[in-house]
Amino acid sequence: MGARLLEGKPVAAQIRNEIRQGVLGLSERGVRPALTMIRVGEDPGSVVYMRAKAKACEEVGIRSAILALPRETDEQTLKSLLKGISQDDTIHGVIVQLPLPGHLDPLRILELVDPRKDVDGFHPLNVGRLAMGDPLFLPATPSGICELLARNSVALEGTHVVILGRSNIVGKPLASYLSLKRTGLNATVTLCHSFSRGLADITRSGDVLVAAVGSAGFVTASMVSPGAVVVDVGTNRVPDQNAASGTKLVGDVRFDEVKEVASAITPVPGGVGPMTVAMLLRNTLQACGALTGG
Ligand code: GUN
């Protein structure tokens, strides 16, 4: 059996078109959404992702700026910077790209982001609001996954979604998001991880399996129920002698074997990644509308 390919690129392009219309709408009021992205250090993955986000912003008419700070930047400097951004009416969205260098505690830094401009939804207030069923911003990767499934007619309501991985960026917010009492969501959620006993039994129990463990090829065919929908959030760089860069991007799922078992599967690259970026743009548009009285 060959699984249906759930491609993120065309769906993300469609969403960017919708956002472009929203940006045009705001321009009639003389407002232009603006996103500021902060990176501390030169994590190679972060450099690539931020470039992709900036390009996507440009494409839809959102102004964007990348603030690339030296690796040694301290908490006080970030605090002053984020305070300035909070008070700057011309900036509507801000993200602090993760991972941060080891001397900076991400939880302390994310607390310094203005919750009204927190388009990643990582501030504790926004995490809490999502967990309590009243989100201000829909977290980008979870909402990107659900939008990709919805626009491919994969219904989630009442299904059992197994999430592999409990990160603050994907696993935990996705569990909260899928649990929302909302049309199109209302899923039954199991969150499992490396400590879960009988992991393969758990993953095989899912109608939908979301892999977000950050380990190349972790999910094998024997961990997937025949006919399940498999969503691969992994972005792992592995050596590749055929690539000019010497590396290639692979997911958490062994695509070639799992596609023979699953009914549908997202590719890496070109699956969840472009959706996450599109949802970030959507949140920036929303933040701009809210902050400028639209
Ligand atoms: N690092 C990996 N994914 C993300 C994301 O969605 N947002 C931020 N800020 N950092 C990340």
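At-a-glance table
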{"read-out": "Share of pairwise Cα separations in the chain, more than 29 Å, in percent", "value": "34 percent"}
{"read-out": "Segment 1-55 shape via C-alpha gyration tensor axes, a/c threshold 1.5", "value": "oblate"}
{"read-out": "On Cα atoms only, tilt of 75-87 relative to the major axis of the chain in degrees", "value": "70 degrees"}
{"read-out": "For segment 74-143: span of alpha carbons on each principal axis (Å, largest first)", "value": "34, 30, 18"}
{"read-out": "Ranked by how many other beta carbons lie within 10 Å on average, peptides 253-263, 197-207 from highest", "value": "253-263, 197-207"}
{"read-out": "21 Å Cα-Cα reach of Lys79 towards lysines, excluding residues that sit fewer than 8 places from it in its own chain", "value": "Lys117"}
{"read-out": "Segment 167-294: relative contact order as a whole-number percent, Cα under 8 Å and 6+ apart", "value": "19 percent"}
{"read-out": "Accessible surface ranking that places the most exposed of Arg51, Arg16, Arg63 first, with a 1.4 angstrom probe", "value": "Arg51, Arg63, Arg16"}
{"read-out": "Lys9 accessible area, assembled protein chains, probe 1.4 Å, Å²", "value": "140 Å²"}
{"read-out": "Counted charge near Gly61, where neighbours are those whose Cβ lies closer than 9 Å (Asp, Glu -1; Lys, Arg +1)", "value": "+1"}
{"read-out": "Of all DSSP beta bridges in the chain, antiparallel share, percent nearest 5", "value": "10 percent"}
{"read-out": "With DNA, RNA and ligands ignored, accessible area of His160 (1.4 Å probe; Å², nearest 10)", "value": "40 Å²"}
{"read-out": "Heavy-atom accessible area order for Tyr49, Tyr177, largest first, 1.4 Å probe", "value": "Tyr49, Tyr177"}
{"read-out": "Segment 5-61: GluC sites (Glu not before Pro) in DSSP loop, at most 14 other beta carbons within 10 Å", "value": "Glu28, Glu42"}
{"read-out": "Cβ-defined net charge surrounding Ala211, 9 Å radius [Lys, Arg +1; Asp, Glu -1]", "value": "-2"}
{"read-out": "Sum of -39500 (n - 2.57) over DSSP H runs of 4+, divided by residues of the chain (222 nm, nearest 500)", "value": "-11500 deg cm²/dmol"}
{"read-out": "Solvent-accessible surface ranking, highest first, for Asp252, Asp89 at 1.4 angstrom", "value": "Asp89, Asp252"}
{"read-out": "C-alpha long axis of helix 44-60 to longest principal axis of the chain, angle in °", "value": "70 degrees"}
{"read-out": "Average Cα contact separation per residue, segment 46-137, under 8 Å, 6 or more apart, as relative contact order %", "value": "21 percent"}
{"read-out": "Segment 176-275: mean projected area of Cα convex hull, nm²", "value": "7.3 nm²"}
{"read-out": "Cut-off 12 Å between beta-carbons: net charge of the residues surrounding Pro274, Lys and Arg +1, Asp and Glu -1", "value": "+1"}
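The values are calculated or read from the model by the stated rules, or taken from the named source; none is laboratory data. Quick caveat, the model's predicted, so the values are computed rather than measured. Please note: Cβ atoms are built from the backbone with ideal geometry, for glycine as well, and neighbour counts cover all protein chains shown. The accessibility values were calculated without ligands, DNA or RNA, using every heavy atom of the protein model including side chains. Shrake-Rupley method; radii C 1.70, N 1.55, O 1.52, S 1.80 Å.
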